[in-house]
Amino acid sequence: MTAEADALMHTLNAQRQHVLGILDGLSEESLRRALLPTGWTPVGLVRHLTLDVERFWFRAVMAGEPVDLDDDTNAWYVAADESARDVLALYRSEIELANEIILASSPDAAPARWPDELFPDFRMHDLRELMLHVIAETACHAGHLDAARELIDRRTWMILTDTVPSEAEDAP
């Protein structure tokens, strides 16, 4: 693996770990809690990252695999009979499959299939561009999950101490 490929992989894995880490310890109820008017939930966001990001960009586009993309289904929606644990396990599984594709490819490798029907005026030309796109999307959503977690129980991801301001310290 080249230094560039190693740096891309390290950065992507750090963002993936951020997504999983900020949700660690939340209950099923908290993972399904919508905190913003748009109605997305933390587990719904992870399902989106699983299907619309990891599976789509690496397996369907980069590798050209004929994967089920559930075009008629909202990837952000988690059915009542699908547990948060199952969604998180599927995310981890798609990460492993994506990593196999990444490790078997050069950063200069072109995608095996481009979804012109979805992106007729936009194209990523190689694995490098695709990884940078996925890093940016995963980091953006990790930030959304940071805000959600702070609203749920005031926990933050990148804090240097375990102390959280008391209610009195928060008062203006």
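The values are calculated or read from the model by the stated rules, or taken from the named source; none is laboratory data. In this text, all values refer to a predicted model and were calculated from it rather than measured experimentally. Please note: Cβ atoms are built from the backbone with ideal geometry, for glycine as well, and neighbour counts cover all protein chains shown. These accessible areas exclude ligands, DNA and RNA; they are computed on the full protein's heavy atoms, side chains included. Shrake-Rupley method; radii C 1.70, N 1.55, O 1.52, S 1.80 Å.
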Review point. Among the residues of the range 53-82 satisfying the criterion of being out of contact with any helix residue (DSSP H, G or I) (no Cβ under 9 Å at 6 or more places or on another chain) and modelled with pLDDT under 85, which is surrounded by the fewest Cβ atoms within 10 Å (Cβ to Cβ)?
Key: Asp72
Point to revise | Residue that is least open to solvent (accessible area, probe 1.4 Å), among those in the range 23-52 that are among the polar types (S, T, N, Q) and modelled with pLDDT of 95 or more | key: Thr50
Review point. When you go through (1) open to solvent by less than 60 Å² (accessible area, probe 1.4 Å); (2) among the acidic types (Asp, Glu); (3) more than 16 Å from Val43 (Cα to Cα) one by one for Asp146, which number turns out not to apply?
Key: (3)
Practice item. Mind checking which helices (runs of 4 or more DSSP H) fall wholly inside the range 1-113 and carry at least 2 residues that are under 15 Å from the mean Cα position of the chain (by Cα)? Key: 3-23, 42-48, 84-103
Practice item. Filter the range 105-136 down to residues that are open to solvent by 40 Å² or more (accessible area, probe 1.4 Å), touching a residue at least 12 places away in the same chain (Cβ under 8 Å) and of a type in the set (D, E, K, R) and give me whichever is farthest from Asp52 (Cα to Cα). Key: Asp108
Practice item. Return the only residue of Asp68, Asp6 being within 21 Å of Asp116 (Cα to Cα) and either in contact with a Cys (Cβ under 8 Å, 6 or more places away or on another chain) or among the acidic types (Asp, Glu) (or both). Key: Asp68
